[in-house]
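Engineer: Pasting a structure here, questions to come.
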Amino acid sequence: MGILKTQDRLLSGRAIPDALHQSFMDFYFVWANECSDHWKSLRTLTRSELFSAKALEAQSNLRNEKLTQMLDYLDTMQGKVVKIEEVVFTTLFNTLSNLLFSKDFLDLKDEDGTAHSMKSGVLKIFENAATPNVSDFFPMMEGMDLQGLRKDCLKQLNKLATFWEKIVKERRAGIASSGVNKEKDFLDRLLENEFTNTQIDMLALDLFSAGTDTVVTTMEWAMSELLRNKEIMVKVQEELKSELNSNSIEKSDFSKMTYFNACIKETLRLHPVVPLLIPRRALETCDVMNYTIPKNARIWINVWAISRDPQIWEDPHTFKPERFVGSNLDFRGHDFEFTPFGAGRRMCPGLPSGVNSIQTMLSSLILRYDWVLPNNEDPTKIDMNEKFGVTLQKEKPLELIFKHKE
Ligand code: HEM
């Protein structure tokens with residue numbers, strides 16, 4: 001609370017890792033050095049165009065279409081082993097690519113491996129940013145890139161940007177419009193606001209990287225926990241069946257799903273996907289709880305440890321959604337013992353979109369399929385080891401066989 005509320009303004013800078021190019025410093029969103037005018041305009045524009053309730057409402061047809069494509073694809077994969085992270089990643093990536101550029105960038109079948117390579121590219125950027133780097137510890141080595149992390153980040157960015165370069169060029173030249181129904185997409189808004197190509201590249205990169213892996217990983221942890229905890233899964237299934245019509249799931253339906261929502265919260269408590277938040281930087285020297293934080297110090301907030309603190313949580317290592325039932329405790333940045341999306345000025349702006357994606361995908365998968373582990377493995381023995389990075393991955397990806405419910 002001392003950092004995220006009392007001193008939020010003075011601690012609202014970010015320390016940009018050397019792996020990310022300083023030359024793009026003025027264009028970053030997630031890694032914006034401070035809450036500059038450009039950062040403010042990005043927050044305002046993304047809220048109104050992508051994340052507000054009105055924007056989410058306007059996206060519902062597109063989101064349903066992408067969800068249906070995912071389910072249709074899984075129907076064709078019945079009886080076969082599916083890596084759930086890859087299917088969810090492609091679905092989210094295409095949802096975002098349509099919102100931004102009115103085009104699918106990936107194919108669920110992924111016969112040429114592009115989706116797989118994009119997923120590892122997005123992850124690689126996070127990994128490079130989190131890797132201990134001599135250039136971050138010894139400023140005289142700044143930019144020397146002895147570990148090749150910068151070079152690799154630029155390679156990943158260029159790989160991603162090839163998806164939209166041609167679209168941006170054609171749109172600027174006025175020889176193409178956003179889509180069949182000519183509704184304006186996010187790129188149209190950026191061009192109206194006179195964004196340069198570099199600004200567009202960096203914003204798209206930030207949105208694809210912050211908005212896909214976080215949701216994919218949370219889905220994987222949630223599904224693993226539900227598989228391991230059969231009684232909880234049965235309760236969720238009963239609630240969903242009694243409250244939802246699987247043929248047309250509306251965003252507003254989820255407000256009634258107390259137990260299902262509690263499961264999502266409990267997943268984010270036990271497996272906060274950004275375990276140390278994104279590092280803050282002190283803009284000025286200031287005090288937090290009688291400690292002096294010098295100007296430019298980096299601040300890491302250990303949400304993972306807070307979420308498992310026995311002084312705050314009863315039986316903290318157990319997956320117990322009940323703890324959130326009948327409780328007002330929420331992740332919207334007011335309860336400082338539970339901040340998987342951060343809090344204050346730099347809090348995640350994509351929260352409504354991320355939560356909505358998890359709700360719709362998870363509920364559909366629960367309602368439509370029985371989930372079976374390959375070789376009939378015992379679900380209570382699922383490997384729950386974590387792989388640490390800017391995001392907290394599941395070390396062993398979850399593989400499942402989906403069987404259509406009778
Ligand atoms: C389960 C889903 C998600 C989780 C848990 C999550 C978590 C976070 C966290 C912890 C931060 C840093 C907050 C801080 O420093 O206080 C963050 C920042 C951010 N997130 Fe998310 N996020 C999720 C989904 C999304 C989605 C779907 C998008 C966009 C499509 C998104 C876009 C961003 C952006 C742009 C920032 C940087 C904000 C800033 O620095 O001003 N996130 N997120």
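The values are calculated or read from the model by the stated rules, or taken from the named source; none is laboratory data. Just so you know, these numbers come straight off a predicted model, no measurement behind them. Here Cβ is always computed from backbone atoms with ideal geometry, including for glycine, and neighbour counts include all displayed protein chains.
Each row is one residue, and each column tells you yes or no for (1) at pLDDT 90 or above; (2) on the phi > 0 side of the Ramachandran plot; (3) surrounded by fewer than 18 Cβ atoms within 10 Å (Cβ to Cβ); (4) not aromatic (Phe, Trp, Tyr).
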{"residue": "Phe195", "(1), (2), (3), (4)": "yes, no, no, no"}
{"residue": "Ile200", "(1), (2), (3), (4)": "yes, no, no, yes"}
{"residue": "Leu244", "(1), (2), (3), (4)": "no, no, no, yes"}
{"residue": "Asp253", "(1), (2), (3), (4)": "no, no, yes, yes"}
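Engineer: Here's another thing I want to ask about it. Could you check His334 against (1) within 15 Å of the ligand (Cβ to nearest atom); (2) outside any helix (DSSP H, G or I); (3) over 30 Å from Glu65 (Cα atoms); (4) in contact (Cβ under 8 Å) with a residue 60 or more places away in the chain and say which number it fails?
Structural biologist: With respect to (1) within 15 Å of the ligand (Cβ to nearest atom); (2) outside any helix (DSSP H, G or I); (3) over 30 Å from Glu65 (Cα atoms); (4) in contact (Cβ under 8 Å) with a residue 60 or more places away in the chain, His334 is out only on (4).
Engineer: Another one. Look at Gly354 and say whether it is more than 17 Å from Glu85 (Cα to Cα), within 16 Å of the ligand (Cβ to nearest atom), outside any strand (DSSP E or B) and out of contact with any Pro (no Cβ under 9 Å at 6 or more places or on another chain).
Structural biologist: So Gly354 does not fit the description; no.
Engineer: Can I ask one more? Output the helices (runs of 4 or more DSSP H) that fall wholly within the stretch 13-120 and possess 1 or more residues being away from the ligand (no atom under 15 Å from the Cβ) and under 27 Å from Pro132 (Cβ atoms), or say none.
Structural biologist: Helices (runs of 4 or more DSSP H) meeting the threshold: none at all.
Engineer: For the stretch 81-103, which positions are within 19 Å of Ser364 (Cα to Cα) and surrounded by fewer than 21 Cβ atoms within 10 Å (Cβ to Cβ)?
Structural biologist: Val81, Val82, Lys83, Glu85, Glu86
Engineer: Right, here's the next one. Does at least one position in the stretch 366-383 carry a residue that is within 16 Å of the ligand (Cβ to nearest atom), assigned to a helix (DSSP H, G or I) and of a type in the set (A, V, I, L, M)?
Structural biologist: No, there is no match, as no residue in the stretch 366-383 is within 16 Å of the ligand (Cβ to nearest atom), assigned to a helix (DSSP H, G or I) and of a type in the set (A, V, I, L, M).
Engineer: Please go through the stretch 2-12 and give me each residue that is buried (at least 17 other Cβ atoms within 10 Å of the Cβ) and in a loop (DSSP other than H, G, I, E, B), ordered by number.
Structural biologist: Gln7, Asp8, Leu10, Leu11, Ser12, listed by residue number.
Engineer: Here are some residues: Leu227, Leu207. Which one is within 16 Å of the ligand (Cβ to nearest atom) and either closer than 23 Å to Glu386 by Cβ or part of a helix (DSSP H, G or I) (or both)?
Structural biologist: From the options Leu227, Leu207, the qualifying one is Leu207.
Engineer: Within the stretch 275-320, track down each residue that is aliphatic (A, V, I, L, M), under 20 Å from Leu10 (Cβ atoms) and within 16 Å of the ligand (Cβ to nearest atom).
Structural biologist: Correct list: Leu276, Leu277, Ile278, Ala282, Leu283, Val288, Ile293, Ala297, Ile299, Ile301.
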